[in-house]
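Reviewing the structure listed below.
Throughout, read-outs are computed from the coordinates displayed, never taken from laboratory work. Here the structure is a predicted model, which is why all the values come from computation and not from measurement. So basically every Cβ, Gly included, is an ideal-geometry build from the backbone, and we count neighbours across all protein chains shown.
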Amino acid sequence: MPGIFLLSSERSGTNLLKKRLCDSNGSICNVPPVHLLRTLGYWESQFGDLAEESVWESLISFALRCCYERAVPWKYVFTYESVKKNYQRKYKDQRSLVRLTDVFYSMYASEEGKNWYFCKDLWLFDFSNRIANEIPDSYFIQLVRDPRDYVVSQLKRPYSHCSVIKHAECWNSETIRSSNALVSLAIKDKSFFVTYESFLEDELACINAINQWLNIAEQGLFTTDSGSYDFHEWKNIHLPTMRDNFDKYKKNLSNVQINTVESICWVAMRNMGYKTEAEFRPSISKIFKVWDTICFFVLSPIKHKINKFKFRNESINRWAARGLIDDLEKRYR
């Protein structure tokens, strides 16, 4: 089963693009992200030799926990035996976490009666070369958002920190890692680039361009959901697209903050086609660095406590994976 892997940063329109693409046709499955590679991939070698049954069973068991110990767990219940059987059928004895991820997402898509799956797990750019080499039918979409609007969006998240510098550094690092991934010969001819702003400008044209690239028939205008989600970060997914949701930084960031973001992201944002407000690369104010540090260490904890109380009635458990992470740290990390 073909898989589409999204290389992007959070708060870049990832949920919007995934939902619109999956809603536009009946072929692609909108699989809820469970972050198998981010959670387990960096320590895969520490599990041991996957040829040993006990090690393989341990990896599959932790992967299963990733699917259900989440704020938004999977609705289909898979077992160790069913996963092992499907894996053996597809990959025989070629064992790896990347291939296991493909099997999990394919099983979910099969339950939905779909022919493709869409994976928007975090930090896929760090595993993209392996994905391209280990999963034959893999395709990659790079999605980028203006770093200044990205910072605005991150600052508004309930549980994000309050540092402009750290958010800008995150965008710069992840955008470069994503771009570096596309340099790989294994990925270069299997990738599609889109900016959040161009998607807002004409999402139907963008969706049809992606469908054409994937060799899927063009679709008509999608329909939106009638229901909503009890999850702050997903509260607008079911609503029509906010077509003016860009250049927010001009009203929400000060000149000093804009200069800071542009200074940190200067080369990458220009390579992505974004025009800077400054004619030349600005420097970061030493006074602002001090203030930004105070925001990170003092204001961020206060913000988290306020929002923890504010969103106390959410039905989801944002810290559902804490037990999983604790067990991983004790055994493998």
Ascending count of other beta-carbon atoms within 10 Å, so fewest first, for Thr14, Thr260, Thr241
Thr241, Thr14, Thr260
Can you pull the one-decimal nm distance between simple spin-label points at Arg318 and Asn115, each 7 Å off the Cα toward Cβ?
4.1
If packing is taken as the average count of other Cβ atoms within 10 Å, what order do 273-281, 319-327 fall into, highest mean first?
319-327, 273-281
Please state the charge dipole magnitude for segment 3-331, taken about the Cα centre, from unit charges on C-beta atoms (+1 on K and R, -1 on D and E), reported in debye and rounded to the nearest 20.
880
For the chain, which cysteines have no disulfide-compatible partner, meaning no other cysteine Cβ under 4.7 Å?
Cys22, Cys29, Cys66, Cys67, Cys119, Cys170, Cys206, Cys265
Can you list the residues of segment 142-167 with backbone N under 11 Å from a point 7 Å past the Cα of Glu277, pointing along Cα to Cβ?
148-149
What does the charge count around Val151 come to, taking other residues whose C-beta lies under 14 Å from its C-beta (Lys +1, Arg +1, Asp -1, Glu -1)?
0
Taking 66-72, 292-298 and ranking on average Cβ neighbours within 10 Å, highest first, one gets 66-72, 292-298
Of the candidates Ile294, Asn25, Asn129, the farthest towards the positive dipole end of the chain (Lys/Arg Cβ +1, Asp/Glu Cβ -1, centred on the Cα centre) is Ile294
What is the gain in length, in nm to one decimal, between Asn252 and Ile287 on full extension, counting 0.36 nm per residue of separation less the C-alpha to C-alpha distance?
10.6 nm
